[in-house]
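Remarks on the structure that follows.
Laboratory data are not the source of any read-out in this text; all were calculated from the coordinates shown. Model, not experiment: these values are computed from the prediction.
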Amino acid sequence: MTPGSIRHLVRLHDFTITEARRLLRRCLSEQATAQTALTEAVRSIARETERVMSGSGDDREVESFAAWLGRSRRMAGAAEARLGTAAADTAIARAALGLAEAASASADILMTRRRQAERPCGSRS
């Protein structure tokens, strides 16, 4: 491998790390958004359940709540699924960043060894 190709490899790895970090930030943001949506859905269900249970609602109010609760539980389930997907995506992005950093470190070591090997024998320390 020529010194120029090693430099290109190092630059490519630096670019890959930058992109992996950008992806990880995006995944973390999506995971936080999904967590917030799930938390809000669960809180809403708890709040409305408490409101209906503490009141003396008529049949219409109870029927309306039952319909709302079914929809809200489905929405909470969807939010939970989105959170699971976002968490998995975040784990993959973390692994990709780790691999990119390891590859970059390997390229740096290779470049350092190449430089050392190119020094005249008397200049090595």
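Could you list all residues from the stretch 16-68 that are part of a helix (DSSP H, G or I), over 13 Å from the mean Cα position of the chain (by Cα) and hydroxyl-bearing (Ser, Thr, Tyr)?
Within the stretch 16-68, Thr16, Thr18, Thr36, Thr39, Ser44, Thr49, Ser54, Ser64 meet the criteria.
Among the listed residues Ala96, Ala91, Ala76, identify the single one that is closer than 25 Å to Arg43 by Cα and of a type outside the set (D, E, K, R).
It is Ala76.
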